[in-house]
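Just so it is clear, none of the values below were taken in a lab; they were calculated from the coordinates. Just so it is clear, the structure is predicted and the values come from calculations on it, not from any experiment. Cβ placement follows ideal geometry from the backbone for every residue including glycine, while neighbour counts extend to all protein chains displayed.
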Amino acid sequence: MNETTVEKVRSHIQKHDRLIEIFGMDIDDVQEGRAVVSMTVGPDHLNAAFICHGAAIYALADVAFALAGNSSGKMALALECAINYMRPAEPGTRLVAEAAAMHQGRQTGVYTVNIRDGQGRNVAFFKATAFRVDAASLPEKLSSGTK
């Protein structure tokens with residue numbers, strides 16, 4: 001069976017992005033220009049106020065952004081990212097980050113990531129701009145096994 005570019009990108013990022021395993025993230029769906037990643041807030045995600053640390057939420061959004069941005073096989077590297085936090089996430093909360101491309105041009109891409117809790121309430125909003133490297137870059141790296 002021949003893997004699609006989206007499947008290759010998903011597999012490569014899942015294998016090489018260490019935060020996915022460290023933070024206990026699940027890659028729920030990846031399509032070209034879109035991705036859904038989730039995690040349950042556990043003890044290692046908490047800050048001193050005993051709610052989910054903003055950095056853990058940011059990391060979840062960033063992984064979803066990476067999957068959506070790279071899903072076409074054209075390597076996308078972050079130029080700018082910003083996040084707005086809207087509500088705290090308590091321990092045990094399942095967070096879902098849904099990333100979508102607003103624009104995927106020849107050299108840049110703009111992506112949004114909505115992070116919601118299990119009840120569908122907005123927890124955070126993440127926006128990122130990526131620099132898109134030439135079309136052959138990611139598939140060449142994937143097929144050669146280099147990082």
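The residues listed here are Leu95, Leu79; of these, the one that is in contact (Cβ under 8 Å) with a residue 24 or more places away in the chain, of a type outside the set (Asp, Glu) and farther than 16 Å from Ala124 by Cα is Leu79. Look through the stretch 48-69, keep the residues that are over 16 Å from Arg94 (Cα atoms) and in contact with a Cys (Cβ under 9 Å, 6 or more places away or on another chain), and return whichever of them is surrounded by the fewest Cβ atoms within 10 Å (Cβ to Cβ). Out of the qualifying residues, it is Asp62. Do we have Val9 as part of a helix (DSSP H, G or I) and either free of Cβ contacts under 8 Å to residues at least 40 places away in the same chain or over 17 Å from Ala128 (Cα atoms) (or both) here? Spelling it out, Val9 is indeed part of a helix (DSSP H, G or I) and either free of Cβ contacts under 8 Å to residues at least 40 places away in the same chain or over 17 Å from Ala128 (Cα atoms) (or both). Can you find a residue that is closer than 15 Å to Phe131 by Cα, under 16 Å from the mean Cα position of the chain (by Cα) and either polar (S, T, N, Q) or assigned to a strand (DSSP E or B) (or both) anywhere in the stretch 56-70? Yes - at least one qualifying residue is present in the stretch 56-70.
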